[in-house]
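A short write-up of the structure that comes next.
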Amino acid sequence: MKIATVALAPVAIMMLANCTGSTNPAEATLFDNIANLQSGEYDSQLAAKEAQAQAIINANNATEGRINQMESQRASNAAVIASLRGQVADLRAEIGAAKGKMSGNAAATAQLNSLDSQAIAVQRDVEAGGDAEIARAELSRIRSAVRALSA
């Protein structure tokens, strides 16, 4: 019996010498894995990885929320631009009709041409991303001038 104990002692020493103390399951030896399981090291690593994954999920959800908000804003902006384009088109049609009525009056026609140029400038501002409220106010001012001339 003593011979078996003496023969196994060097094997046990060699096995313990191979323990690296690693907490990485891919590199850890059998004894390291046993120690890491018993100490809860692997549970801690798993919890940290799960927290990291949850943080990534939360960041992705927040980013999706911002994207949805931006998409909604883009759609709203597109609707405002389309509305302003329509208002400019209506105003220019009104100017065209007024020019037809005032065809014999050169001074009024010149003023209507100037107002038409202003309407075109407002349209360019709208296309360039100008402020919608300013564009609406300018269109209203031009429309009032056209109506005053054609009255």
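The values are calculated or read from the model by the stated rules, or taken from the named source; none is laboratory data. On a predicted model such as this, the values are computed, not experimentally measured, just so you know. Note that each Cβ is placed from the backbone with ideal geometry, even for glycine, and that neighbours are counted across all protein chains shown. What goes into the accessible areas is simple: the full protein's heavy atoms, side chains included, and nothing from ligands, DNA or RNA. Shrake-Rupley method; radii C 1.70, N 1.55, O 1.52, S 1.80 Å.
Laid out as a table, the results:
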read-out	value
Residues that are on the phi < 0 side of the Ramachandran plot and under 28 Å from the mean Cα position of the chain (by Cα), drawn from the range 113-135	Q123, R124, D125, V126, E127, A128, G130, D131, A132, E133, I134, A135
Test: Q45 is of a type outside the set (A, V, I, L, M), assigned to a helix (DSSP H, G or I) and either at pLDDT 95 or above or loosely packed, with under 11 Cβ neighbours inside 10 Å (or both)	no
Boolean, R66 is among the charged types (D, E, K, R), modelled with pLDDT of 85 or more and either touching a Ser or Thr at 6+ places or on another chain (Cβ under 8 Å) or closer than 30 Å to A121 by Cβ (or both)	no
Residue in the range 69-88 that is in contact (Cβ under 8 Å) with a residue 12 or more places away in the chain and open to solvent by 60 Å² or more (accessible area, probe 1.4 Å) present	yes
Neighbours by Cβ (under 8 Å, 6+ apart or cross-chain): first from the range 129-141, more than 13 Å from I81 (Cβ to Cβ); second open to solvent by less than 60 Å² (accessible area, probe 1.4 Å) and of a type in the set (A, V, I, L, M, F, W, C)	E138/V122; L139/L84; L139/V88; L139/L91; L139/A119; L139/V122
Hits in the range 97-143 - residues which are open to solvent by less than 40 Å² (accessible area, probe 1.4 Å), over 27 Å from Q73 (Cα atoms) and in a helix (DSSP H, G or I)	A98, A108, T109, L112, L115, D116, I142
Residue check, S150 surrounded by 12 or more Cβ atoms within 10 Å (Cβ to Cβ) and among the hydroxyl-bearing types (S, T, Y)	yes
